């Protein structure tokens with residue numbers, strides 16, 4: 001006879017790991033605040049990827065280097081804000097009639113010159129692009145690169161770690177040798193070496209570079225977890241019902257170590273966003289025409305000498321905010337998933 | 001001691017062989033044929049065949065691997081493709097400027113990190129501790145690029161406290177004049193992560209039984225932290241510092257690039273920009289070797305710090 005039914009109580013189900021972790025996370029105010037910030041950034045990435053936000057960042061909507069709204073328009077640039085009158089005719093130029101005919105032809109085809117804004121909420125860059133939209137668009141590149149690269153790295157690390165920890169023996173020796181080789185070369189040098197070899201630029205390339213060089217950390221941790229879990233009773237039970245090795249590794253054991261993988265993803269995303277910014281800054285990252293926080297910092301470096309600080313502030317501020325929130329959230333997530341650590 | 005050393009060196013061989021093969025595969029198969037790169041825009045078939053013969057690219061792969069192995073062992077990687085300067089000379093002459101920045105930076109960073117970590121461990125759990133940790137997280141989230149750009153602009157360009165960039169001939173001039181701001185920026189960037197890490201090492205120790213014993217016999221908190229805890233926290237600290245030294249050689253490339261310091265890091269960036277494969281290959285292989293040697297040195301240092309550690 002069922003005890004729960006006999007005593008008149010609802011059947012007692014103990015909450016799972018994820019429910020407990022979520023409860024702990026909910027109680028942590030810093031974690032919830034940082035999760036909200038990260039959520040906002042991810043929302044902006046989704047919206048701009050869907051083309052709903054910042055799709056027209058390349059339109060030259062303001063005068064060159066238009067300052068942010070709270071500073072007020074720059075008097076030196078005010079003249080540029082009005083539509084430019086056509087240049088006065090040059091009576092001495094023998095080609096003048098031809099030029100006038102050409103200009104009339106051009107004017108008929110082109111739209112009337114639009115007035116350009118003198119200020120924007122976050123200012124404008126060298127070409128008059130809206131810095132706010134540029135920051136959103138650049139964030140899309142940087143965040144997507146960081147996320148996808150972290151997923152690739154943790155995916156590889158999990159696969160290698162699972163094989164290595166589960167089988168042990170020769171397989172383990174092989175992957176450990178691999179690990180030793182990859183960790184003997186400092187990661188930044190490894191990234192630069194692969195960048196030198198690939199020679200072509202592209203978003204996919206940075207994802208590959210970061211993903212293929214970043215698997216060592218997750219590998220080490222996942223391998224240790226698999227060694228611990230493979231001797232447990234539930235794995236023996238799975239063995240007894242004839243589950244294949246692959247099934248034991250990824251259907252039975254993986255859910256029990258997935259929290260380690262999740263924490264690793266959240267830690268690597270932060271590192272990879274920083275790395276993407278540095279690579280793009282140096283010109284080894286995103287190609288010309290794609291905006292990322294790194295390429296914005298690259299432009300901003302020269303603008304700063306002219307006293308135009310707003311693009312630097314926007315890109316650096318957005319990045320710092322996201323990275324702070326993401327690191328705080330990663331810490332809280334680790335504590336929530338592994339309460340023994342505290 | 002000697003058998004231990006020999007065995008450790010013997011164990012390095014497979015890893016080293018792996019590094020050599022990895023670099024070889026990357027540059028010879030993934031990297032494509034460099035002869036088109038070298039021959040320039042007006043390449044004809046004969047020029048390309050000539051270059052391929054010079055580089056040994058027309059040989060079977062095992063001969064090429066042997067050539068690469070010989071280059072590593074003889075420290076002779078030929079000349080850099082872009083400048084024609086011998087690669088060995090590039091490495092030897094760029095090491096000095098790099099070390100001028102890195103040695104003071106590492107020493108200051110470690111001393112400052114240990115002192116702050118122990119001071120923070122004193123007041124662990126307090127508001128000060130939490131505020132410092134939040135400040136560290138915030139400080140770490142700002143890109144190193146932003147630190148360099150802002151400090152170089154503010155302190156050097158606007159206020160004129162330091163030279164904006166440059167490098168001289170004399171060591172004292174370089175250290176005191178040109179390397180000061182890069183070292184300060186490096187310190188500002190690295191002290192937050194170092195402090196966070198060292199704090200966790202120290203906190204692992206303060207819960208141990210020997211700390212309770214020391215407290216029970218009436219030692220002052222100051223003496224417990226600075227003498228007993230420090231000695232025990234030293235092992236992970238040494239591992240961290242030693243393992244990071246070779247990486248730092250390259251890691252300071254942004255500082256070297258911004259401040260025009262002719263070091264190894266800047267040379268690697270230039271080589272990547274110019275697809276100068278011999279330089280990158282040589283630096284990668286030797287830095288990997290240095291990393292392994294420094295890891296071994298760290299293990300040897302353990303015994304000096306902690307006599308309980310037996311090297312077998």
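Working from Cα positions, state the angle (0 to 90°, nearest 10) between the long axis of helix A:29-49 and the longest principal axis of chain A. The helix A:29-49 is inclined about 50 degrees to chain A.
Counting only other chains, what is the mean number of Cβ atoms within 10 angstrom of the Cβ of each residue in peptide B:270-282? Present the calculation step by step, with values, prior to reporting the outcome.
Details: counts 0, 3, 11, 5, 1, 3, 1, 3, 0, 1, 6, 2, 0.
Going residue by residue through B:270-282 and averaging, the value is 3.
Ordering B:177, B:199 by the number of other Cβ atoms within 10 Å of each residue's own Cβ, fewest first, gives B:177, B:199. Comparing A:25, A:106, A:156 in a Gaussian network model of chain A, where Cα atoms under 10 Å apart are tied by springs, the biggest mean-square fluctuation is seen for A:106.
Which angle from 0 to 90°, rounded to the nearest 10, does the C-alpha axis of helix B:45-55 make with the longest principal axis of chain B? Its long axis makes an angle of about 40 degrees.
Helical runs (DSSP H, four residues minimum) scored at -39500 (n - 2.57) apiece and divided by the length of the protein assembly as shown put the mean residue ellipticity at 222 nm at -22500 deg cm²/dmol. Relative to the longest principal axis of the Cα atoms of chain B, the long axis of helix B:277-305 lies at roughly 30 degrees.
Normalised by the number of residues in chain A, the average gap of Cα pairs under 8 Å and 6 or more apart makes the relative contact order 24 percent. Across peptide A:320-326, the average count of Cβ atoms from other chains found within 10 Å of a residue's Cβ is 4. In this label model, residue B:207 and residue A:55 are separated by 5.4 nm, measuring between points 7 Å along each Cα→Cβ vector. Once the gyration tensor of the Cα atoms in the protein assembly as shown is diagonalised, the equivalent ellipsoid follows with semi-axes of 46, 35, 30 Å, ordered largest first. If you average the alpha carbon positions of region B:49-128 and of region B:146-169, how far apart do those two centres end up, in angstrom? Comparing the Cα centres of region B:49-128 and region B:146-169, I get a distance of 25 Å.
Summary of packing: across the peptides B:230-239, B:46-55, the per-residue average of other C-beta atoms within 10 Å ranks them, highest first, as B:230-239, B:46-55.
When each of the peptides B:136-143, A:163-170, A:206-213 is scored by how many other beta carbons lie within 10 Å of its residues on average, the order from highest to lowest is A:206-213, B:136-143, A:163-170. Using the alpha-carbon positions of chain B, Rg (one decimal) and Dmax (whole number) come out as 24.0, 85 Å.
Remark: region B:196-312 projects, on average over all directions, an area of 10.1 nm² (convex hull of Cα atoms).
With bins 10 Å wide beginning at 0, the percent of Cα pairs of chain A falling in each bin runs 5, 18, 22, 20, 14, 9, 6, 3, 1, 0, 0, 0. Mean per-residue shielding of peptide A:176-182 is 5, counting Cβ atoms of other chains within 10 Å of each Cβ.
Across A:96, A:264, A:301, mean-square fluctuation computed from a Gaussian network of chain A (C-alpha pairs under 10 Å connected) peaks at A:96.
P(r) tail for region A:162-304: Cα pairs beyond 23 Å make up 50% of the total. Which of B:132, B:241, B:20 moves the most in a Gaussian network model of chain B with Cα springs under 10 Å? Among B:132, B:241, B:20, the largest mean-square fluctuation in the Gaussian network model of chain B belongs to B:132.
By its C-alpha gyration tensor, with a ≥ b ≥ c as the square roots of the eigenvalues, how is region A:278-342 shaped: rounded for a/c under 1.5, else prolate for a/b larger than b/c, else oblate?
Prolate is the answer for region A:278-342, as a/c is 1.5 or above and a/b outweighs b/c.
Just so you know, the Cα atoms of region B:139-207 work out to an Rg and Dmax of 15.9, 51 Å.
Read the figures in this text as sums done on the coordinates, not as results from a lab. The structure presented is a predicted model; accordingly, all values stated were derived computationally and were not measured. Neighbour counts are summed over all protein chains in view; Cβ atoms, including those assigned to glycine, are modelled from backbone coordinates with ideal geometry.
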